[in-house]
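Questions regarding the structure given below will be posed in turn.
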Protein chains: 2
Amino acid sequence: MTAGGTGVARIRCDQLAPVLGDLEGNGRSILAAVEQAVADRVDVLVLPELATTGYVFRDADEAATVAVTADDPLFARVAGALDGTDTVVVVGFCERDGRLLRNSVAVVDRTGVRTVYRKTHLWDRETLVFTPGDAAPPVVDTAHGRIGVLVCYDMEFPEMPRMLALAGADLIAVPTNWPVGDHPERDRVAEVIAAQAAARTNGVFIACCDRAGTERGQDWNEASVIVDQFGWVAAETEVGAGATAITVDVFPALARDKSTSPHNDWIGDRRPELYDRKVPTA
Amino acid sequence: MTAGGTGVARIRCDQLAPVLGDLEGNGRSILAAVEQAVADRVDVLVLPELATTGYVFRDADEAATVAVTADDPLFARVAGALDGTDTVVVVGFCERDGRLLRNSVAVVDRTGVRTVYRKTHLWDRETLVFTPGDAAPPVVDTAHGRIGVLVCYDMEFPEMPRMLALAGADLIAVPTNWPVGDHPERDRVAEVIAAQAAARTNGVFIACCDRAGTERGQDWNEASVIVDQFGWVAAETEVGAGATAITVDVFPALARDKSTSPHNDWIGDRRPELYDRKVPTA
């Protein structure tokens, strides 16, 4: 535990292009991204969902062949690359959990894996491959602020960013694989709008790292975004930019001030005693 | 109670410009808007927050001079104007509740006032004038779908649209007075982004009726918007358009299908057993 996170933090989302099933090649891409982040003095590096394996598995059997545990040497190599730094890496991986498969995220620093979170809201055919997690998402106290973790579709349930904000998260890191979707030209992609609303209503920073690389015909929004505590976009890829990184310096501790007027506060103004009450009908 | 709401419904937000303290003039504007809506075969008319009185009260004493009860003849006149129709009007008013003042909304049809909702989340200096409501927001079953009601700042607490969606709301009507705020040119105003995210994650329609008319130096977004069940804008004013109305035909019952993939459903995918759990820290 540290009392850190009151200074500036350089946040990066590195929108990699994992190759389906290429555990070794994807591991090299992850390590290269970590080394580049260290070279660029990045403090918090967010990488995509399932960055170790890719996403479009035919079935659980195929996924099982590339699932790893949190003891996998890859994470020790990431920790080794962070030696001498306070940098934190948030990376999605296909996890073997006994006989189950999980869509998981590891938070890694120079000491090793700080925590693993298992995605609790599974999207579409993920339900045929993975078992959803049964634990609440974590908040990790780091030298660069308190980092909450969600995975992709989790974020679109407003209860999830809310519970992380209530637990004191300054920044929510969201490894994602956003399947490409239609949207009006005037609007950003729907998932970014969800991130903006979640950041604003909770007064937190949110960093969503999407992915690139067509996989079995599936394309992605390629719309990584870092949203500030007011819900405005601090850094973003150009949609469809391919494998690219976005980086921005922010003060995560600004998320600890939830006041919005002399009389208002995003958290203090909640009415939790009402939210479970029965809705009257007329 | 009706089993209605499976057909098309014409929704209108009429972005009036109330004049502070002019109960009689504002009443005339409200009635004119209702009569125009009936002439235009509008099914659901949403009017601004505090449409009877304006917003920028100096203090509670000033507001008390123009506060009315739900028995006020204005609402009977609105009901009278709806005679022979199934049209529903959702209108904000400054309510006298014994010795208290409330920032309230009446839902009115040809039978009279169906329900009154008292704003539960007060913004800024409203806290010096009004007492917040202690009841959950209602859902009103109408011939044009199940209409939930929120007021302005209420909507920015995601628990509120969520509880209305869980109670079966098809359309959430939100009388608002949105004080003008800065936003990046690329983005819509922040409150509209909140409405888009709330509509999408709950699979409901949302109609926010903002207001026009500078009041004691205060300007408004003038950004009324009707959002579809996917979170996209179906109708909107041009920001700063002044007093104007937006109208669109939708099928509110489409909100009853929450499926988003062969394996997903906005409501069914919730994990309520997790949302109150303690967040682990590392």
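Work out, in µm²/s and without decimals, the Stokes-Einstein translational diffusion coefficient of chain A at 25 °C, 0.890 mPa s, Rh from Kirkwood over C-alpha pairs.
My calculation gives 130 µm²/s for D.
Counting other Cβ atoms within 10 Å, keep those with at most 12, restrict to DSSP loop, and tell me which GluC sites (Glu not before Pro) in the range A:189-282 are left.
Within the range A:189-282, the qualifying GluC sites (Glu not before Pro) (loop, at most 12 other Cβ atoms within 10 Å) are A:Glu238.
On full extension of the chain, what length is gained from B:Arg77 through B:Ala135, given 0.36 nm per residue of separation minus the C-alpha to C-alpha distance?
Stretched fully, the B:Arg77-B:Ala135 segment lengthens by 18.2 nm.
In whole angstrom, note down how far apart the Cα centers of the range B:24-82 and the range A:20-84 are.
Distance between centres, Cα-based: 60 Å.
Mean 1/r over all different Cα pairs, inverted: what Kirkwood radius does the range B:66-211 give, in Å?
Value: 15.9 Å, from the Cα pair sum.
Give me log10 I(q)/I(0) at q = 0.11, 0.12 Å⁻¹ for the protein assembly as shown, Debye formula, one equal scatterer per alpha-carbon, no solvent.
So the normalised log intensities work out to -0.93, -1.07.
In addition: Going by C-beta contacts inside 10 Å, put B:Ser104, B:Ser259 in order with the fewest on the left.
Numbers: B:Ser104 28, B:Ser259 13.
The fewest-first ordering by Cβ neighbours comes to B:Ser259, B:Ser104.
Follow-up question, since we're still on this one. List the lysines whose alpha-carbon lies under 26 Å from that of B:Lys278, not counting same-chain residues fewer than 8 positions away?
List returned: A:Lys119, A:Lys258, A:Lys278.
Right, here's the next one. Go ahead and set up a Gaussian network model of chain A, Cα springs under 10 Å, then flag whichever of A:Pro18, A:Pro179, A:Pro48 fluctuates most.
Result: A:Pro179 has the largest fluctuation of those listed.
Turning to a different aspect of this structure: Other chains near B:251-264: what is the mean number of their Cβ atoms within 10 Å of each residue's Cβ?
Going residue by residue through B:251-264 and averaging, the value is 2.
Moving on to the next point. Once the other residues with Cβ under 12 Å from the Cβ of A:Ala60 are scored (Lys, Arg +1; Asp, Glu -1), what is the net sum?
Net charge around A:Ala60: +1.
Taking a label point 7 Å from Cα toward Cβ, how far is A:Asp134 from its twins in the other copies, in nm, shortest first?
Distances to the matching label points in the other copies: 4.0 nm.
Right, another one. Select from A:Leu166, A:Leu31, A:Leu101 the residue whose mean-square fluctuation is largest in a Gaussian network model of chain A (Cα-Cα springs shorter than 10 Å).
A:Leu166
In nm, one decimal, shortest first: how far is the label point of A:Arg277 (7 Å from Cα along Cα to beta carbon) from the matching points in the other copies?
2.9
Could you list the trypsin sites (Lys or Arg not before Pro) in the range A:44-146 that lie in coil according to DSSP, counting only those with at most 12 other Cβ atoms within 10 Å of their Cβ?
Listed in order of number, the matching sites are A:Arg58, A:Arg99.
To the nearest 0.05, what FRET efficiency results for B:Ala32 and A:Glu238 with a Förster distance of 60 Å applied to their C-beta separation? The partial results should precede the final answer.
Values: r = 48 Å, r/R0 = 0.79.
Efficiency at R0 = 60 Å is approximately 0.80.
What does the charge add up to near A:Ala198, with Lys and Arg as +1, Asp and Glu as -1, over the other residues with Cβ less than 11 Å from its Cβ?
Its environment carries a net charge of -2.
Okay, moving on. Compute the helix-to-body angle for A:190-202: its Cα long axis versus the longest principal axis of chain A, expressed 0 to 90° and rounded to tens.
On a 0 to 90 degree scale, this one is about 50.
Rounded to the nearest 0.05, what FRET efficiency do A:Asp219 and A:Tyr275 give with R0 = 25 Å and r taken as the Cβ-Cβ distance? Could you check?
Approximately 0.05, to the nearest 0.05.
Rule-based calculations on the coordinates, nothing more; no lab input. Because the structure is predicted, anything quoted here is derived from the model rather than measured. Because the Cβ atoms are built from the backbone with ideal geometry, glycine has one as well, and the counts that use them run over all protein chains shown.
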